[in-house]
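Rule-based calculations on the coordinates, nothing more; no lab input. As the structure is a prediction and not an experimental result, all values here were calculated from the model. Neighbour counts are summed over all protein chains in view; Cβ atoms, including those assigned to glycine, are modelled from backbone coordinates with ideal geometry.
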């Protein structure tokens, strides 16, 4: 995958991370490498030959990306006491950019597992999960985490805000994980919360918020770092109908309209109606409804 | 229902093996330390009895004398006047010619005393201890009985020879029989004992005409008889009951014992925190389960009983393993404790660890009750859980925050109360120690509040630089203050105790060092050991002194005789000085004085007492002490009180001139040699060395200083060891708290991971939090340690031992304290951090 | 359920309290010697246990020697064993009968005394026995003591009659021997007696040489004071009784007496109402056969002695008594006839249980004598010693 022919040296880093080093001292790193959190344009890097190099740019688009998510021959099973519990057996799926997919399935059918596999929280037993051209199933746990940090936003049924951080801090944390926080980031957070009608709650702790409010903050947290893919696991499951409606509206505005890819596990009929495609999980496989 | 309830509880416990193990470890360690101290201390004291039982048997009383020994004619007088049930003893210590062996105690007995004594050598007679053996022992010179085991160890066959080195040179005893040892205890007791006939003992030890003591077996109501015996005793002899003698030994070591036991209690209290922590964890973790059970109709009482029964089980296992551990630990402490007792109180010959059901029962009760006490709060908390609404952790936290404020107030009372107790509790050591516990406990209670404040402060000051992720550990500390606060408190208590004791020992060391410097004015010291009963020892000593004084380069000599006089009905250590002008400067008086003091000391019946003696006997200058002289009782006026750290019972100081007026000459135990300025000390030392016998020795004042300081350090080894034990328990406590804490927030950590925090970042997060806790504990421990040191120095030690010492501040100790707390907490955090980092986020998210 | 646990806690507490009363194993006080001190004594067979069999280096009794006093009242340390033997029958004014024995034994453990500066170094061992027979109460009290001769704890004097062990003593209040004071007390009983000798002593055997077995040297030097007027006090349980009566003293020293075939002796010392006395010892053989070395003497009222050989006296055992303490069966009633004196006596112990359960167990008891001498009734009293019996 050597793109630049005049590269002085192509440094293969673990998995798909890599960078091209140039004789003039410049580096072009690919995006997964950038995702590892180290380099920024202008950072120093010392390659094997010992000469200082500058990272001159971070190239994000030098790999082909036919679709947002490609899943090939996905197998996943759990060992439960003595029994091998097969969850997925050869799942195939293609998701286009900006597509909104809804997952249906009985509880225990593997919806959450599927989302965990996509987010890289869980590795598959075999098969490929390619997101934005990167096969996350081939990444190490650490690299999957770094990947997730940059590319994935997650909304949980149980909101899962960090109880020891204020609302604002909860939102700032994902940002801080990918870059140094700036004044602007704080303003952005304030702005976003304003949009969510939570501006007064900036410095509240999550447990002071209602369920709907918490979920709105959780959605904001999933979006704040501008991820490519949003994974939502029954985001309205804990909410009453009205609040659920508000939350879904919010998702619609913030995610779908922003052209993000979203995969949501839900039972909500209302949501199913809005989905581009609806899959259900049956017999260890995905079935288009 | 009940069994189901119990099964649900048991399953839950099994799912948290770490907590289970740590809780049990906590109780076990606490109980172990307490039991170990108790066993070792009691065994050390009992060994004194045990060993002497072998040759005193069922004696109830004893006639003892000062170092001059008893005249053997006293025995025949008593016997011929019809006093029966007497057992004369001649005892002394000898070294085996065989290298590497400790000294053995020779006990010369009369084999034909009343059988009712049932002494070790009389009773338990087997085939090998027959009357025939006794007649041989008596009629054949240089025959002896030895423990079978010892004989085996020394490879001595029956009728084999045992070579000894005594003051008269090498001597040989024929082992004609073995003392039967019935059990491990008697085996130990007999290990270093040689039983001979009294004549042989006199011959070997060169103690002709003397007895060491006469053991008496009196009926219980023999006060008249006692009085009759007393009336027959000469001036230097004293009739004491063995009970009272044992009592006085106990009293002598009481301060030492109390201080040790306090350290043991400290360990137990820290262990109690562990239990509290675990039980709280077990309740908190199951609040959903308990809520469900309550919904199903389980009553509060059943929940309460459930928690108690769990605690009972834990306590039982913990206490039992603690007992086993305690016995093992006791074995180790025994050497340290008996070593210390040997060094500063009295000679203990053999110390087997004696385990009594009483002591084990005590440990059992202590372990069980501490557990029950620790579990009460969590148990009540569990019953409080409403069946309908299970409270969120954060709500509980805000509840505990309120509690913390209340507790803050309470802690203020405790601290002030503790200080008040410290300063207004008179002479009581127990109260002094209690005050330290109050202060420690008070500050422990205050710790959560102070932690909250400090965390807020840290955030205010550093928040900007830290970022959200950096703020997280600070937040976590304060968010779960009910857990972190207790862990910090436990660590703080252990560290402040360490700081306090370090400061105290340091101050003590400085004080002693200064005192030693000034109290060793002579250049060389000659020690003249050996039994003062030796009939003509004083003549030899006198000759030696004259020879030394005539040596070239010797400016002057002083002498000292350490002996015992009967003061107020008790044998009291007394040092009899023949002071050189220079040696007078070595006295550090606790009051102003002038030179007339020395005149009076030389010419009038006056004495100087050491500070501990004055303290224990509430003596002041001008008061009189009644001493039993050979011409009857005489009041000696106290004309001086001087600093002395050589023992905690204190002693009397008398001039030789006065001493000789009332008591027989026993020679010297030491000669101080003052060299001329131009003299070559090494040369002088070797020249004096040539004048000495094998048992005598000459040492420079530096060498004595060094040896004394080594002894000083040795006496604190036990304290040191115990302190580390309680620190270790605190460490386990912090570890367990952190484990529990991490377990409780496993879901939160899962969320963090799902957001994209890597496992190593998570580890750093957790370790930062625990490091922060350690730092907090260390910071708090400094002032608390200071207060503890202050109370120890000026209250407890002064009361215990009668010593006053100066407070020496050592910044290094404070630094060490912080580092200790920090590192302990960091270390305690490492494992939970790694474990949490390894936990799969998917599983972490699945919990609850 | 809750109550179950409360019970458990209570049990635990009780358990602890129970444990509290548990005594430290070795601090249990041994009881002081009781008046039954003797019953706890060990019995290791015979006095021979104390003595070695090897008589080398000791003096032996080969031929008669003239006794000289007070020298011969004192110890003969070169002989292996020696005793000062007092027995007596006493009455208080109300006729209450008592018997007593006070004996001092001396044993040489070695022929030589090693040189030593220690006053305790000694080769001489003393043992003393004290018994009191309280006939009315049917009680027999014993006590024994041991001590070496060193450090003035025990000994005997050859300057005047004095033998002592601790505070038990027989000591003259005169210049040489009589009046002689016996003084000894035990925890529960005591004697204090003054002995006078109106009749004097007799040399037993062949002018004081008493052959015990055929081997030369297996003999003792033996003299007796057969009739000592006695008055003094005996105390039982702190209660004093002033008594008068008659005592007998035996003095005997030897190195070896019995032969290997001999197992013991029955010894009779009888004081008869006609101011005559009879002493006879019958030696017993291990094989149960008659021992021809038995002998005795009959002392007439004028203190002249008639030697009795083995065949001069016939002793018939009429009854026996089994000791409940030792399970040993002793003869307990005898008919003794001395045909040459036409003496027919029946001897009955005042009480049966006069067994000394001391280190060396034997029976020594006060007896009553009835019978006829030359057809006329005669009575008397005395002591019988039964030694060397076993189960």
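Report, to two decimal places, the Cα Rg of chain C normalised by 2.2 N^0.38 Å (N = number of residues).
On the way: Rg = 24.3 Å, N = 391, 2.2 N^0.38 = 21.3 Å.
Ratio of Cα Rg to 2.2 N^0.38 Å: 1.14.
Given the -39500 (n - 2.57) contribution per DSSP H run of 4+ residues, what per-residue ellipticity at 222 nm results for chain B, rounded to the nearest 500 deg cm²/dmol? Don't jump to the answer; show the numbers that get you there.
Working: 28 runs with 521 residues, N = 848.
So the calculated ellipticity at 222 nm is -21000 deg cm²/dmol.
For residue A:86, project a label point 7 Å along Cα to C-beta. Then give me every residue of segment A:249-289 with its amide nitrogen under 18 Å of that point.
A:281-287
Need one number: % antiparallel among DSSP beta bridges in segment B:529-695, to the nearest 5. The partial results should precede the final answer.
Working: 25 of 34 bridges.
Restricted to segment B:529-695, the bridges split so that about 75 percent are antiparallel.
Report the Cα-based extents of segment B:691-848 along its three principal axes, largest first, to the nearest Å.
Between the extreme Cα coordinates on each principal axis of segment B:691-848 lie 85, 37, 24 Å.
Any idea what angle helix B:429-479 forms with the longest principal axis of chain B, computed on alpha-carbon atoms, 0 to 90 degrees, nearest 10?
Here the helix axis deviates by roughly 40 degrees.
With a 10 Å radius around each residue's Cβ, average the other Cβ atoms per peptide and rank B:192-205, B:10-23, A:97-110, highest first.
Details: B:192-205: 26.6, B:10-23: 16.3, A:97-110: 17.9.
Packing proxy ranking, top to bottom: B:192-205, A:97-110, B:10-23.
At 7 Å along the Cα-to-beta-carbon direction for both residue C:167 and residue B:241, put a label point, then send me their distance in nm to one decimal.
The modelled label-to-label distance comes out at 2.2 nm.
Using Cα-only point scatterers and the Debye equation, what is log10 of I(q)/I(0) for segment A:160-289 at each q in 0.16, 0.18, 0.20, 0.22 Å⁻¹, rounded to two decimals?
Ignoring solvent entirely, the Cα scatterers give -0.82, -1.00, -1.18, -1.36.
Between residue B:691 and residue B:589, what FRET efficiency follows from the Cβ-Cβ distance if R0 is 41 Å, with the result rounded to 0.05?
My answer for the efficiency is 0.75.
Which of rounded, prolate or oblate describes segment C:328-376 when judged by the alpha-carbon gyration tensor and an a/c cut-off of 1.5? Please list the in-between numbers first.
Working: a/c = 3.50, a/b = 2.71, b/c = 1.29.
Prolate shape, in that a/c is at least 1.5 and a/b is the bigger ratio.
How shielded is C:105-114 by partner chains, expressed as the average number of their Cβ atoms within 10 Å of its Cβ atoms? Intermediate values should be presented prior to the final figure.
Values: counts 0, 0, 2, 1, 5, 6, 0, 1, 1, 6.
Neighbouring Cβ atoms belonging to other protein chains average 2 per residue here.
What length, rounded to one decimal in nm, is gained on full extension from residue C:335 through to residue C:317, with 0.36 nm per residue of separation minus their alpha-carbon distance?
Values: separation 18, 0.36 × 18 = 6.48 nm, distance 0.64 nm.
Additional length available on full extension: 5.8 nm.
Take the Cα pairs of the protein assembly as shown, get the Kirkwood Rh, then feed it into Stokes-Einstein at 25 °C and 0.890 mPa s and tell me D in µm²/s.
On the way: Rh = 41.2 Å.
Using the Kirkwood radius from Cα pairs, D works out to 60 µm²/s.
With label points built 7 Å along Cα→Cβ from the Cα atoms of residue B:300 and residue A:140, find their separation and express it in nm.
5.5
Report the antiparallel proportion of the DSSP beta bridges in the protein assembly as shown as a percent, rounded to a multiple of 5.
Working: 246 of 287 bridges.
Just about 85 percent of them are antiparallel.
Test of understanding: ordering C:297, C:326, B:686, B:139 by Cβ neighbours within 10 Å, fewest first, what list do you get? Write down the numbers at each step before the final one.
Working: C:297 21, C:326 17, B:686 11, B:139 24.
By the 10 Å Cβ count, ascending, the order reads B:686, C:326, C:297, B:139.
Hey, what angle do you get for helix C:2-20 against the long axis of chain C, alpha-carbon based, 0 to 90 degrees rounded to 10?
So the inclination is approximately 30 degrees.
Could you work out how far helix B:811-838 tilts from the main Cα principal axis of chain B, as a 0 to 90 degree angle to the nearest 10?
40
Just to check, using Stokes-Einstein with a Kirkwood Rh over alpha carbon pairs, what's the diffusion coefficient of segment C:60-200 at 37 °C and 0.692 mPa s in µm²/s? If you can, show how the numbers build up before the last one.
Working: Rh = 16.3 Å.
Stokes-Einstein gives a translational diffusion coefficient of 201 µm²/s.
What are the semi-axes of the equivalent ellipsoid of segment B:564-715, taken as the square roots of 5 times the eigenvalues of the Cα gyration tensor, listed largest first and rounded to whole Å? List each step's numbers first, then the result.
Working: eigenvalues 168, 66, 56 Å².
Semi-axes (√(5λ), whole Å): 29, 18, 17.
Sort out for me the Cα centre separation of segment B:707-747 from segment B:262-293, rounded to whole Å.
Each part's Cα centre sits 19 Å from the other's.
Counting partner chain Cβ atoms within 10 Å of every residue's Cβ in B:194-207, what's the average? List each step's numbers first, then the result.
Values: counts 0, 0, 0, 6, 7, 11, 4, 2, 6, 6, 1, 0, 1, 1.
Neighbouring Cβ atoms belonging to other protein chains average 3 per residue here.
I'd like the per residue volume of the convex hull spanned by the Cα atoms of segment B:512-648, given in cubic angstrom. Intermediate values should be presented prior to the final figure.
On the way: hull volume 18.6 nm³, N = 137.
It comes to 136 Å³ per residue, whole-number rounded.
Using the count of nearby Cβ atoms within 10 Å as a rough guide to exposure, how do B:818, A:152 rank from fewest to most? Before the final figure, lay out each step's value.
Values: B:818 19, A:152 25.
Ascending Cβ contact count within 10 Å gives the list B:818, A:152.
Can you give me the convex hull volume of the Cα atoms of segment B:721-760, divided per residue and expressed in Å³? Provide the component values of the computation, followed by the final result.
Numbers: hull volume 2.2 nm³, N = 40.
So the per-residue Cα hull volume is 54 Å³.
When B:668, B:645 are ordered from fewest to most other Cβ atoms inside 10 Å of their Cβ, what list results? Before the final figure, lay out each step's value.
On the way: B:668 27, B:645 23.
Taking fewest neighbouring Cβ atoms as first place, the list is B:645, B:668.
How many partner chain Cβ atoms sit within 10 Å of a residue's Cβ in peptide B:355-362, on average, as a whole number? Let's see the in-between values first.
On the way: counts 0, 5, 6, 8, 1, 2, 8, 3.
Partner-chain Cβ atoms within 10 Å, mean over residues of B:355-362: 4.
Which distance in nm do the two modelled labels at residue B:744 and residue C:304 give, with both placed 7 Å along the Cα-to-Cβ direction?
12.0
Binning every alpha carbon pair distance of chain B at 20 Å from zero, what are the percents per bin?
It works out to 13, 38, 30, 17, 3, 0, in whole percents.
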